[in-house]
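As structure tokens, the structure follows; a few thoughts come after it.
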Amino acid sequence: MTDLAFDVPSPNAKAQEFLDRREYGNFIGGKWSSSASSETFETLDPATGECLGRLARSNTADVDQAVAAARAAFDDGRWSKMVPMERAKILWRIADLIEEHIDELAELETLDQGKAFYVGRWAEIPGAVGQFRYFSGLATKIEGATIPTSINYQPEGKEVFAYTQKEPVGVVGAIVPWNSPLVLTAMKLAPALAAGCTVVLKPAENTSLTAVRLVELMTEAGLPDGVINLVTGFGAEAGQALAEHPGVNKIAFTGSTATGRRILDAAKGNLKKVTLELGGKSPVIVLDDADVDAAIQGAANAIFFNGGQVCIAGSRLYCHSSVFDRVAAGIAEIAQSIKLGHGLDQATQMGPLVSREHSSKVGEYIDSGKGDGASVLCGGTIAGPNETFVSPTVMTDVKPDMRIMREEIFGPVLVATPFDDPNEVINSANDSEYGLAAGVWTESLSNGLRFANALRAGTVWINGHAMYDASLPIGGMKQSGWGRDSGQAALENYLELKTVCAIH
Ligand code: NAD
């Protein structure tokens, strides 16, 4: 542990007004209420450990009420039968309102999650705006097909007419994690609402504040009562109850692979549809023909952005041996220059990790790597009043079977290893139970495309990393998940395909 002193800047007036409320309830059927048990729990500023406020601690009774409200709103068609252009207008208005409140939302996200302000203000919350705008456009483009058949047993003189139509899947349970709360929530809500579904949202227990504010803005945008319902609380209580609930038609989950397995078990009772956006251990490969300076900056951003608490973080670096020392030293230099501090300080480049529990887990990984014989090129320390600041870390002398090479650390810890044979490095990169994302740095587009074909990952970036857009599907192969968020593929998660075949 080393010392880290910092000031905590005051939040802006709007964020402060929200924080002054101190207590935040559930939102069910258009009304705010305390939990059925009246129990609450604290949400903390991870940088300081100070309590920011108390949230409703929901259990099965709250989830029952929220699902009933979502079911009533779905069944009476107040949203699913609203003409698509009207649905689109409300989704667009939600985007406008998020944008109008972007500084307030970014500060609340920083206080609750720890992230440096710029991450929310310039990347994640604009990403949430983009989700609602993109899916607003798609709400008017949910189309089936007319299908010529070879049926020939209709009565004499009659014809067959067959077509498909897409219908909303029903009540969606959206369960999201704490690393990028608002944008990951938007990635579920925007397509679900565009499709005409109603939703029960369960945010992560340590980062629920922006979900509360988002739901208020959605109501202000004109979303009818019961279309969005919010239950805050713990995964094993509210989350589990939602995943098990027989009244829920689909669970849209983002979180860890371990919880993903629990969700699957819980969902099997009524065979609800499930999509899973899970963990990753994404490789970044630097070939000998790369623009080395660009690769150094890109590989550093790929692991250190948002303190490495990013599912697609480039956490395994494979670098051609001819440039390995230069790249590793360059990344270490950037790592050591990163300014740690409270996220609200605009000069801060990296805030704390989300909780003391999480930073100590990341610390255990660093220790396990050292114990297994890896070297710490830079970083490896934990600091701050709440012991939540992990210094940006690069570890070398790593072997494929080390835990730090195989498991998702979800912190600012890069494991770096040289390679000589470009064909062999493809096997090394693919040697993971995860398959979420990968990056390759090369000045040869044909090398880049060859690697893109060979890498078993849901997304491959060439000469970049984490290039997100609402139009680009994102999700995992192997144990990184089922299904895709973003893009037209995401809309399909929330639609059922109905075939109609008529004799006329
Ligand atoms: P987590 O799995 O612990 O929690 C995610 C959500 O699930 C939280 O809301 C939590 O309360 C809830 N939950 C926990 N137990 C539950 C249960 N038994 N039933 C129902 N819900 C339950 O994940 P986390 O630690 O909050 O987030 C980090 C993980 O999320 C990392 O593994 C990261 O890679 C992954 N992630 C994936 C993506 C992606 O798009 N693939 C994006 C972001 C994060």
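Can you give the calculated 222 nm mean residue ellipticity of the chain, where each DSSP H run of n ≥ 4 adds -39,500 (n - 2.57) and the sum is split over every residue, rounded to the nearest 500 deg cm²/dmol?
Value at 222 nm, helices only: -11000 deg cm²/dmol.
So, in Å, what gap is there between the alpha-carbon centers of segment 143-207 and segment 383-397?
First find each Cα centre; the distance between them is then 42 Å.
So, in nm, how far is label E496 from label F41 when the simple model puts each one 7 Å beyond its Cα toward the Cβ?
Modelled inter-label distance: 3.3 nm.
Report, to two decimal places, the Cα Rg of segment 302-390 normalised by 2.2 N^0.38 Å (N = number of residues).
1.14
For segment 143-155, just list the computed ³J(HN,Hα) in residue order, Karplus coefficients 6.51, -1.76 and 1.60, θ = phi - 60°, integers in Hz, with x standing in for Gly and Pro.
Values, residue by residue: 10, x, 9, 8, 10, x, 10, 10, 5, 9, 10, 6, x Hz.
Compute the distribution of all C-alpha to C-alpha distances in segment 126-227, in bins of 5 Å from 0, and list the percent of pairs in each, rounded to whole numbers.
Taking every Cα pair in segment 126-227, the percentages come to 2, 11, 17, 20, 14, 8, 6, 6, 5, 5, 4, 2, 1, 0.
If N is the number of residues in the chain, what value comes out of its Cα radius of gyration divided by 2.2 N^0.38 Å?
In units of the 2.2 N^0.38 Å rule of thumb, it is 1.01.
Give me the accessible area of E17, 1.4 Å probe, in Å² rounded to the nearest 10.
120 Å²
Return the carbon/sulfur percentage of the accessible area of the chain, one whole number, probe 1.4 Å, all protein chains in place.
It is 50 percent, rounded to a whole number.
Rounded to the nearest 0.05, what FRET efficiency is calculated for E216 and S471 with R0 set to 22 Å and r the Cβ-Cβ distance?
The calculated FRET efficiency here is 0.20.
Accessible area of K31, 1.4 Å probe, to the nearest 10 Å²?
140 Å²
Ordered by residue, what ³J(HN,Hα) values in Hz, to whole numbers, does segment 245-252 give under the Karplus form 6.51 cos²θ - 1.76 cosθ + 1.60, where θ = phi - 60° and Gly and Pro are x?
Residue by residue, segment 245-252 yields 4, x, x, 9, 8, 8, 10, 10 Hz.
Please determine, in degrees from 0 to 90 and to the nearest 10, the orientation of helix 324-337 with respect to the longest principal axis defined by the Cα atoms of the chain, where the helix direction is its Cα long axis.
The helix 324-337 is inclined about 80 degrees to the chain.
So what is the accessible area of segment 344-488 per residue, in Å², with the probe set to 1.4 Å?
Heavy-atom SASA per residue in segment 344-488 reads 42 Å².
Which cross-chain or sequence-distant (5 or more) residues have an amide H under 5 Å from the amide H of L414, H modelled 1.01 Å from N in plane?
T393, V394, M395
Could you list which residues have their amide H under 5 Å from that of V440, counting only those 5 or more apart in sequence or on another chain, with H placed in the peptide plane?
I285, W461, I462, N463, G464
Given Cα pairs under 8 Å that are at least 6 residues apart, what percent is the relative contact order of segment 259-385?
On the way: 121 pairs, mean separation 24.9, N = 127.
Computed value for segment 259-385: 20 percent relative contact order.
In debye, nearest 20: dipole of segment 222-373 around its Cα centre with unit charges on the Cβ of K, R (+) and D, E (-)? Could the numbers behind the result be given before it?
Working: 13 positive and 16 negative charges, 125 e Å.
Here the size comes out at about 600 debye.
Can you give the angle from 0 to 90° between the axis of helix 181-195 and the longest principal axis of the chain, with both taken from C-alpha atoms, to the nearest 10?
Between the helix axis and the principal axis of the chain, the angle is about 20 degrees.
Segment 290-349 to segment 417-433: how many Å between their Cα centroids?
20 Å
Would you mind getting the Kirkwood hydrodynamic radius of segment 92-136 from its Cα pairs, rounded to one decimal in Å?
Numbers: mean 1/r = 0.0967 Å⁻¹.
One decimal place: 10.3 Å for the Kirkwood radius.
The values are calculated or read from the model by the stated rules, or taken from the named source; none is laboratory data. Because the structure is a prediction, the values reported are computed rather than measured. Cβ coordinates were reconstructed from backbone atoms using ideal geometry, including for glycine residues, and neighbour counts include every protein chain displayed. Ligands, DNA and RNA are stripped out before the accessible areas are found, and what is left, the full protein with its side chains, is counted by its heavy atoms. Shrake-Rupley method; radii C 1.70, N 1.55, O 1.52, S 1.80 Å.
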